[in-house]
Every structure is written in C-alpha cells, then in structure tokens.
Amino acid sequence: MGKKQMKLGLFLMGTGHHIASWRHPDVQADGNEDLKYFQNITKIAENAKLDMLFLSDGLSFTKLSHPAELVRFEPITLIASLSAITKNIGFVATASTTYNEPFHIARKFSSLDHLNGGRSAWNVVTSYYQTEANNFNQQSHLDHSLRYEKATEFVEVVKGLWDSWEEDALVRDKESGVFFHPDKLHALDFKGKYYSVKGPLNSSRSPQGRPVIVQAGSSEAGTDLAAKTADVIFTAQQTLEEAQAFYKKVKQKVVDFGRSPDDVKIMPGVSPYVGKTVEEAYEKYEQLQQLITPEIGLDFLSEYLGGFDVSGYDLDGPLPDVIPETNGNKSRRQLIIDLAKRENLTIRELYLRVAGSRGHRIIFGTPEQIADQLEEWISNDAADGFNLMFSHLPNSLEDFVTTVVPILQQRGIFRTEYEGDTLRKNLGLPKVENRYTEEQVKI
C-alpha cells in the first residue's frame with residue numbers, strides 16, 4: 001500500500017482570493033476579464049499537475065463585493081475556452097439549482113465534457129443572496145431548507161438525463177444506415193414534486209460516464225445533499241479537530257446512503273502564504289492586509305454574517321452576543337462566529353481575517369512547513385485534498401508550485417504525472433455505470 005495521495009485544486013477567483021489582491025503592485029488589476037491572464041494561470045496549474053481549476057460564480061453582487069464578483073466571465077464559457085489549450089487538468093464550474101432548469105444544466109455540462117474529453121465538473125450550489133432572486137423575476141429568496149430539497153430533486157433529474165444514452169448506443173454505421181440503437185436510448189419521464197422532465201438528453205454519454213459533481217456547503221442540508229449525490233465536497237474548516245469531525249461525519253453519511261467512503265473526496269479550502277522564512281510569509285500577508293479599506297472589510301463581514309450590519313458597533317470590541325439567523329450561507333456564518341469567539345477577535349480583527357480568506361484556513365511558513373501542514377490533515381483523516389485559495393495571482397501560485405509541490409512529490413503524496421485522461425480518473429473516483437446498463441446486468 002502506497003501513501004495516501006493528496007488531491008489539489010486551484011480555486012480561481014479573479015486576481016486572487018484576497019479581497020485587496022487587485023491593489024497589489026504585481027497584479028494585473030483587470031485580469032478578471034482578460035482571457036490571456038486566465039490562460040497563463042491555467043498553464044502554470046497544469047504544468048504543476050494540479051487536479052482541477054475551480055471557478056466560483058454568483059448571479060448578483062453588491063457595490064462592495066469582492067472585485068472578482070463585480071465583473072467576471074460566466075464560468076462554463078470560460079472553461080470551454082481554457083479547455084482548448086490544456087490536455088489533462090480538470091475544470092469545475094459553479095451553477096445554481098435555484099435559478100436554472102435541470103435540462104439546461106445537464107446539456108451544458110455534458111457538452112462541456114465532450115469538448116474537453118472528460119475533464120468537467122459541476123459545482124452544485126443553491127445560491128444564498130437575496131439579490132439573486134430579484135434578478136430572476138422573484139421577490140424573495142427560497143427558504144434554506146426548501147432550496148436544498150429542490151436541489152436534491154434537481155440533481156436527481158440531471159443524473160437521469162446524463163444516462164439518456166447508453167455508452168454504445170451510437171453506432172453510426174454508414175453501410176447499414178443505422179445511426180443508433182433505439183433500445184439504448186432512454187427517455188427519463190421524470191415527474192417529481194418540483195420538476196417534470198421527459199427527456200431524453202440531446203447529448204450522448206459523457207466521456208467520463210458523467211461529469212464530476214462537486215458540492216460546496218457544510219450545513220446539515222448541504223452535507224446530506226453532498227453525501228447522497230457528490231463526488232467532491234468543498235468545505236471550510238479552521239482547525240484539525242473541526243476538519244476531522246467533519247470528515248468523519250460526512251464519510252459516515254456517504255456510507256449511510258449506500259456508497260463507499262472512497263466515492264467522495266473531501267477538499268477544504270486553504271490559503272497558503274509561502275516565504276523563505278515564516279517572517280517573510282507573514283509579511284506577504286500583511287502587505288495585502290494593509291490594502292483593505294475599513295468600508296470594504298465591514299461590508300464583507302456583514303455579508304458573511306447573513307446581512308447583519310456590524311458598522312454601528314465598536315470596531316475594537318467583540319461581535320455582539322446575538323446575531324440573527326440567516327436564510328443565506330448558514331455554515332459559513334457559524335464558522336466566522338466560532339472563529340471570533342475561539343480567538344477572541346475584535347470586529348476589526350475579524351473583518352481583516354475574513355476579507356483575507358473569506359472564512360477559509362490561512363497557513364504560513366517555509367515550503368517545508370506548508371507541506372507539513374497540508375500533510376498533517378491528509379494523514380490524520382481530516383481531508384483528501386485541498387482547494388488552494390491563493391492570495392494574489394499569479395505570484396502566490398508560482399511560489400507554491402515551484403517550492404511546495406516538489407516537496408509533496410518527493411514525499412510521495414502528490415503525483416509527478418497525471419494518472420488518467422479524465423478528471424474522474426485523476427481524482428481516483430470510481431467509474432459511473434449507466435443505470436440502464438446496470439439494470440440489464442442485474443437481470
């Protein structure tokens with residue numbers, strides 16, 4: 001038995017994960033809308049043998065949102081373009097179940113998977129901004145539990161549509177004139193509580209059986225959806241103990257849904273700052289922290305607390321004891337409240353922390369120390385890999401791939417070459433059988 005292999009994704013958010021990244025002197029401020037900028041980052045990531053690029057998305061923003069959210073490319077469109085200049089790296093695009101239709105999502109991701117030869121993944125989100133509802137002819141956002149209830153059925157429909165064509169359905173035999181086997185094409189005929197979809201899908205079987213499904217969320221409803229439907233779970237955890245508890249809970253849920261724990265990879269977000277010394281790593285962080293304006297920081301914190309306005313409180317005092325519940329991102333809200341209490345942070349310290357990492361774990365150190373911190377979580381059942389959230393691009397990415405990745409490879413816990421030709425294979429996920437083929441085998 002070899003060592004457990006670490007999976008690494010690049011969470012690609014504009015000019016960098018840090019909210020002030022665009023102000024850094026080495027950053028291209030308009031990179032959000034420059035294809036060449038994204039092409040350069042993608043090539044760096046693929047040369048380093050990273051598993052995938054993860055593109056977040058949202059359907060609304062506020063004037064004080066992260067600059068990467070103000071103007072940006074639609075992720076499926078961008079991935080289609082980046083796929084043409086790459087061969088191995090996978091791509092994850094975010095798409096909401098609340099403001100889309102299952103047939104559209106099934107068709108888009110199946111098409112994308114054909115275009116890049118089986119390297120596509122769908123990050124399933126339910127949306128949590130009230131303003132997204134207002135952009136889709138809705139006066140109010142659906143309740144949190146209802147969004148997840150609908151999402152579960154939505155994903156079920158999409159998976160069913162992806163099984164429309166059996167793997168060998170299309171023969172395209174010129175001599176006989178037979179284009180496909182009619183008995184290997186299946187209409188879904190789905191009638192559920194929220195969706196009625198006949199099918200079949202007008203896109204053949206995916207090169208990887210079906211696109212990889214990613215789910216980002218740590219609430220009970222979110223982890224239930226992930227354990228039942230996802231291949232990869234993107235989460236935010238601050239401590240080893242919290243991560244181990246989450247890992248154990250979700251893996252057990254996966255088993256409860258009749259799946260193998262290895263069928264799901266858990267990949268928390270982490271923001272690494274690499275330096276020749278620990279002091280240099282912290283200096284890189286502080287350089288960016290100094291670029292955060294109080295107005296932006298406070299608005300950002302309020303947004304992540306579910307819209308709770310903290311601007312009227314003493315910035316050098318603690319968070320108030322009572323913060324109203326939210327219909328938005330419940331797990332991230334709680335993580336930030338817990339962080340403030342655990343480390344006794346003032347509101348000012350908290351908004352600086354959140355603006356720098358959006359609630360994800362930040363690690364500092366030399367290349368060896370960064371590698372140690374990542375390996376600790378992998379070897380202690382706290383994670384299967386990480387979504388890397390670099391502060392400013394491309395510099396912090398280059399620092400990591402040229403100094404930390406070689407150490408991980410030397411330790412035998414990260415690949416030196418891609419294992420397969422699809423994202424599913426490179427992630428070590430099992431092959432997905434078509435449900436109709438499986439039924440025939442059982443008979």
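Summary of computed values
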| item | result |
| --- | --- |
| Average accessible surface area per residue within the chain, 1.4 Å rolling probe, Å² | 43 |
| Alpha-carbon Rg with Dmax, taken over the stretch 269-412, Å | 16.6, 52 |
| Antiparallel %, DSSP beta bridges [both residues in the chain], to 5 | 15 |
| Accessible surface of the chain, 1.4 Å probe, proportion on carbon and sulfur as whole % | 51 |
| Rel. contact order, % - alpha carbon contacts under 8 angstrom, at least six apart, the stretch 1-128 | 24 |
| Links that overshoot a 30 Å alpha carbon limit, given the list 87/253; 49/184; 7/276; 248/276; 276/425 | 87/253; 49/184; 248/276; 276/425 |
| Whether the chain is rounded, prolate or oblate, judged on the alpha carbon gyration tensor where a/c under 1.5 counts as rounded | prolate |
| Sequence-separation-based contact order of the chain, relative, with Cα cut under 8 Å and 6+ spacing, percent | 23 |
| Candidate aspartates and glutamates - alpha carbon under 13 Å from residue 108, same-chain residues fewer than 8 apart omitted | 74 |
| Whichever aspartates and glutamates have a C-alpha closer than 13 Å to that of residue 193, once near sequence neighbours (fewer than 8 apart) are set aside | 149, 153, 156 |
| Reciprocal of mean inverse Cα separation for the stretch 90-169 (Kirkwood radius, Å) | 13.7 |
| Tilt relative to the chain, helix 102-115 - C-alpha long axis, 0 to 90 degrees, to 10 | 90 |
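The values are calculated or read from the model by the stated rules, or taken from the named source; none is laboratory data. Note that the structure is a prediction, hence the values are computed from the model and not measured. Accessible surface areas use protein heavy atoms only, side chains included; no ligands, DNA or RNA. Shrake-Rupley method; radii C 1.70, N 1.55, O 1.52, S 1.80 Å.
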